[in-house]
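The structure follows.
Derivation of every value follows stated rules applied to the coordinates shown; laboratory data play no part. Just so it is clear, the structure is predicted and the values come from calculations on it, not from any experiment. Please note: Cβ atoms are built from the backbone with ideal geometry, for glycine as well, and neighbour counts cover all protein chains shown.
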Amino acid sequence: MSDINNIDLNLLKSLQALLLECHVGRAAKRMHVTQSAMSHTLARLRDALQDPLFVRTSKGLSPTPRAVQLGQQLEPLMTELVRLFDPPRLDPSSILCRYRILSHDFIVQAYLAPQLNRIQRLAPNIVFELDTLGSEANDKLDQDQADLIIGAGLDARDRFMQQRLTQEPIDCVLAADHPALKQWHLESLLAYPHITMGLLAERDDPVSVASGGEARRRVGVITHNLQTQLPLLVDSSLIAFLPRSLAAIAERQYGLCSRPSPVTLAPLIIRALWHQRHQHDHSHRWIRQQLFEGFSEAADRG
């Protein structure tokens, strides 16, 4: 009896071709090799299986009883081998997990909410946990306390995978009856107090930088997230600088007005980060692809 450790399993496909064709030349063509190579393969098969496998007749090669028996066993075996190397088919309804996302509130509202609802219909056994994107986000991703980060101004570590999702212009948002709207230019913009995400030094203020240092802003309110700024703008003289998707939400939900900034500001780049440990995990990949589609669809609508 032959030891399977001494048999090249690649020979099985050649044997299958020989059984189908009963002709060395045609089997070689099917396998995309030369006739000489197929003859050498047949010799190896005969040696490994200790049987002539084929005998010559006036009509070509005729399989021996051993070859016929092998052919009957080989067909289901080859089918299973093909299935073994096929990429697994994922049934979304079978995914059972908790998926933890760190992101900004406006990204959840503008991009993620519709996709999360869609995923819930396809994969009802996924529990999503959403948390605010903070300074500890990279540590959480590193320590497997988060599955995905989606945000702006991200600093990816070497072991993180990343994908750019979209970019957003920065618009000015203010009350619909704000007096600055009567003459919309830099001077009128600077005549009123602004809302910022932090009390920035003048040299770091993006508005000041974009204006060549000419802009001198007066900060009226400081918030720790962008979403908080929207109700503060209603019936107020305040002016906020917000991503365009959030500016659109401000118009729809709060009756506010948005205008392009009088100074050209760098767009907001939104990216996704995930740890390389999850790069080839089929469930993780399916979920993030579903989430990323929301950004593509928003860009198409935009």
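Summing -39500 (n - 2.57) over the DSSP H runs of n ≥ 4 in the chain and dividing by its residue number, what mean residue ellipticity at 222 nm do you reach, to the nearest 500 deg cm²/dmol?
Helix contribution divided over all residues of the chain: -11500 deg cm²/dmol.
Take the Cα coordinates of the range 170-266, assign each an equal point scatterer, and use the Debye formula without solvent to give log10 I(q)/I(0) at q = 0.13, 0.16 Å⁻¹.
Reported log10 I(q)/I(0), two decimals: -0.38, -0.59.
According to the Kirkwood expression over distinct Cα-Cα pairs, how big is the hydrodynamic radius of the range 4-85, in Å?
13.0
With angles folded into 0 to 90 degrees, how steeply does helix 113-122 sit against the dominant principal axis of the chain? Use alpha carbons for both and round to 10.
30
Within the range 20-34, list the residues whose amide N lies under 19 Å from a label point set 7 Å along Cα→Cβ of V68.
Taking a point 7 Å out along Cα→Cβ of V68, the residues of the range 20-34 whose backbone N falls under 19 Å are 20-23.
Using only the alpha carbons of the chain, what is the convex hull's orientation-averaged projected area in square nanometres?
Spelled out: convex hull of the Cα atoms, projected over all directions, averaged, 24.5 nm².
Arrange the peptides 190-196, 104-110 so that the one whose residues have, on average, the most other Cβ atoms within 10 Å appears first.
104-110, 190-196
In the range 91-189, what GluC sites (Glu not before Pro) fall in a loop by DSSP, with at most 16 other Cβ atoms inside 10 Å?
Qualifying residues, ordered by number: E136.
Give me the extension gain from R259 to T228: residue separation times 0.36 nm, minus the current Cα-Cα distance, reported in nm with one decimal.
Full-extension gain reported as 9.2 nm.
For M197, M31, M38, which order do you get if you count the other beta carbons within 10 Å of each Cβ and list the fewest first?
Neighbour counts put them in this order, fewest first: M197, M31, M38.
If you don't mind, there's one more thing I want to ask. Once label points are set 7 Å from the Cα along Cα→Cβ at both K59 and E75, what is their separation, rounded to one decimal in nm?
Going by the 7 Å Cα→Cβ label model, 1.8 nm.
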